[in-house]
1. Among the residues of the range 124-135, are any surrounded by fewer than 16 Cβ atoms within 10 Å (Cβ to Cβ), among the β-branched types (Val, Ile, Thr) and touching a residue at least 40 places away in the same chain (Cβ under 8 Å)?
2. Can you find even one residue in the range 258-268 that is at pLDDT 95 or above and within 16 Å of ligand 1 (Cβ to nearest atom)?
3. Out of the residues in the range 79-113 that are away from ligand 1 (no atom under 16 Å from the Cβ), aliphatic (A, V, I, L, M) and surrounded by 18 or more Cβ atoms within 10 Å (Cβ to Cβ), which is modelled with the lowest pLDDT?
4. How many residues are away from ligand 3 (no atom under 16 Å from the Cβ), of a type outside the set (Asp, Glu) and part of a loop (DSSP other than H, G, I, E, B) when one looks only at the range 41-83?
5. For the range 236-247, how many residues are surrounded by fewer than 20 Cβ atoms within 10 Å (Cβ to Cβ) and either over 17 Å from ASP185 (Cβ atoms) or in contact with a helix residue (DSSP H, G or I) (Cβ under 9 Å, 6 or more places away or on another chain) (or both)?
6. May I ask you to list pairs of residues, at least six apart or on different chains, whose Cβ atoms are under 7 Å apart, with the first in the range 104-120 being without any contact (Cβ under 8 Å) to a residue 40 or more places away in the chain and the second being within 13 Å of ligand 3 (Cβ to nearest atom)?
7. Exactly one of (1) surrounded by fewer than 22 Cβ atoms within 10 Å (Cβ to Cβ); (2) more than 16 Å from ligand 2 (Cβ to nearest atom); (3) touching a residue at least 12 places away in the same chain (Cβ under 8 Å) is unmet by ARG253. Its number?
Amino acid sequence: MSKRLDASAQWCRIRMIGTAAVLLLLVACALPSYAHIGPHVLPVHEIPASKLPDLHDGTLADWTGPAATPTLNQWWFIPTGAFTRHDGILDARDLRVNLHVAWSRTTGAIYVGIERIDDIIVRAGEDTSTDDLWSFDGVEVMVDGDHSGGRYACPLEPFASFMSGSALSHGRLLSTPPCTMGALDNSSAQHYFAAVADPGPRLGMGLPTRRVSAHLPPYAEIGGGIRPGPPDTVVTELAIVPYDSLASDDPMRSKPSALAPGAVIGMCFTISEFDREAGSYDMFMSLNGIYHMRADADEFMDFLLIGADDGTAIDARSWGAVKRAGNQLPRGH
Ligand SMILES: [Ca+2]
Ligand SMILES: [Ca+2]
Ligand SMILES: [Ca+2]
């Protein structure tokens, strides 16, 4: 990894911080107050009912309108110290990721489109246990539909030893309050693993996944494909219905989150990069630099739902400025 690329990444982060500050200022001025407005507010554009993407065609070409522009790329993500091989330095020749985030009031779902350009793909198989999907190239998606925050998972061993530790974050120590192991189970927020796999991507939920299985319709759906390289390009598309109260395996007892223009929901993402073998991290990056947000929705970031018909609470002129600022985000490194 060269110093030049390292400096480029740092410059990108500086630009992103400046852009995020503009976004925050504009959104804070335009919106009624929300309890969880943090240092970054990221836009989530609505996809009209007539333009919902095909999740199984292996392309993001059917993501149209504002949703066609990536919301995030790999420069937004912060390597966590716990699982990093390259001293926290990301090399774009090694991995590039474009991540689109959208929503639909028609389906009540959050849509995530991921383009992953990776020199070496470490993929799961059809017979891989959902408990092991974390150990392959992929992305984790966490969502808290009502942004209520709080602890939402408390895993069984052996993961509990990770989750209850204190040295799990990037740059600062955090302690995880104790809870009853095996309790909570993604009820108030949800955590998904989207792993590259053959013959198609696999979706798992929570840790350990055997306790929760809301990774299939009507809770969630995943599709995608791989365009051979080098480097290989992996496309993954998923739809996730956020729940304020999730009863795994029982949709009738589950309460979906009410998604509406102007609402601010909690979300977070991580990127797992493996180039050697499954389970041996080359890089583990999270949007907020924290590892254990998979168990604590207080650490999620703010995502603003923008209506397709401009029914959002944001004034049109203000949102025009937000879009102009967003268009200056670094991309294509
Ligand atoms: Ca598609
Ligand atoms: Ca790679
Ligand atoms: Ca890889």
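The values are calculated or read from the model by the stated rules, or taken from the named source; none is laboratory data. Here the structure is a predicted model, which means the values were calculated and not measured. Don't worry about glycine lacking a Cβ; one is built from the backbone with ideal geometry, like all the others, and counts go over all protein chains shown.
1. Scanning the range 124-135, I find no residue that is surrounded by fewer than 16 Cβ atoms within 10 Å (Cβ to Cβ), among the β-branched types (Val, Ile, Thr) and touching a residue at least 40 places away in the same chain (Cβ under 8 Å), so the answer is no.
2. no
3. Filtering first and then ranking leaves LEU90.
4. So the answer is 16.
5. Taking the range 236-247 first, the residues surrounded by fewer than 20 Cβ atoms within 10 Å (Cβ to Cβ) are 244-245, 247.
Cutting the leftovers down to either over 17 Å from ASP185 (Cβ atoms) or in contact with a helix residue (DSSP H, G or I) (Cβ under 9 Å, 6 or more places away or on another chain) (or both) gives us 245, 247.
Matching residues across the range 236-247 total 2.
6. Pairs that qualify, where the first residue is without any contact (Cβ under 8 Å) to a residue 40 or more places away in the chain and the partner is within 13 Å of ligand 3 (Cβ to nearest atom): there are none.
7. Here ARG253 clears every test but (3).
Okay, residues lined up against (1) modelled with pLDDT of 95 or more; (2) touching a strand residue (DSSP E or B) at 6+ places or on another chain (Cβ under 9 Å); (3) of a type in the set (A, V, I, L, M); (4) surrounded by fewer than 18 Cβ atoms within 10 Å (Cβ to Cβ):
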{"site": "GLY150", "(1), (2), (3), (4)": "no, yes, no, yes"}
{"site": "HIS191", "(1), (2), (3), (4)": "no, yes, no, no"}
{"site": "LEU216", "(1), (2), (3), (4)": "no, yes, yes, yes"}
{"site": "GLY224", "(1), (2), (3), (4)": "yes, yes, no, no"}
